[in-house]
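Participant: Attaching a single structure in structure tokens format; questions to follow.
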Amino acid sequence: MAEQKLISVISIYCGTESEAVSLSQALVDKHLAACCNISTCASLYKWQGEMNEDLEWIVSVKTMARAIDKVMELIKSEHTYDLPSILIDTVATTEEYYNWVNESVLF
């Protein structure tokens, strides 16, 4: 069996499309991410005792494990939520995609 090629995928939930685009641009411009994908979702949650239902934008960040701390710093400094939802996962990918992400992330 071939060695697995692993990248990190960080999901960030934003309250506006412009915030999602701004975070994505900053991450890619600073070479902390190879790419970011933006999609929408309906979110239902309780915050400060009240039920909420909102449209949110999900930023899916493709990066390397070595850049996670810097990615987190940027998100925490730029995000508008008091408690941003930031989910980190490690995923296997093809050697070609791994190489592209690895070469794109310069941290």
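What follows is calculated from the coordinates using simple rules that are stated; it is not laboratory data. These numbers were taken from a predicted model, which means no experiment stands behind them. Every residue, glycine among them, receives a Cβ derived from its backbone with ideal geometry; neighbour counts consider all protein chains shown.
Participant: If contacts are Cα pairs under 8 angstrom and at least 6 residues apart, what is the relative contact order of the chain in percent?
Facilitator: 44 percent
Participant: Let me ask something additional. If the convex hull of the alpha-carbon atoms of the stretch 5-104 is projected onto planes in all directions, what is the mean projected area in square nanometres?
Facilitator: With the hull built on Cα positions only, its mean projection is 6.4 nm².
Participant: What are the lysines whose alpha-carbon lies under 25 Å from the alpha-carbon of Lys76, with same-chain residues fewer than 8 places away excluded?
Facilitator: Lys30, Lys46, Lys62
Participant: With only Lys, Arg, Asp and Glu charged, each at its Cβ (+1 for the first two, -1 for the last two), find how big the charge dipole of the chain is about the Cα centre; round to the nearest 20 debye. Don't jump to the answer; show the numbers that get you there.
Facilitator: Details: 7 positive and 16 negative charges, 56 e Å.
Rounded to the nearest 20 debye, it is 280 debye.
Participant: Given the rule -39500 (n - 2.57) for each run of at least 4 DSSP H residues, summed and divided by the residues of the chain, what is its mean residue ellipticity at 222 nm, to the nearest 500 deg cm²/dmol?
Facilitator: The per-residue figure over the chain is -9500 deg cm²/dmol.
Participant: While we're looking at this one, here's another question. Could you pull out which residues in the stretch 24-52 have an amide N less than 20 Å from a spot 7 Å beyond the Cα of Glu73, following the Cα-Cβ vector?
Facilitator: 24-35
Participant: Rounded if a/c is under 1.5, else prolate if a/b beats b/c, else oblate: with a ≥ b ≥ c from the C-alpha gyration tensor eigenvalues square-rooted, which is the stretch 50-93?
Facilitator: Because a/c hits 1.5 or more and a/b fails to exceed b/c, the stretch 50-93 counts as oblate.
Participant: Considering the chain as a Gaussian network with a 10 Å cut-off on Cα pairs, which listed residue, Leu55, Leu32, Leu23, attains the greatest mean-square fluctuation?
Facilitator: In this elastic network of the chain, the residue with the biggest mean-square fluctuation among Leu55, Leu32, Leu23 is Leu55.
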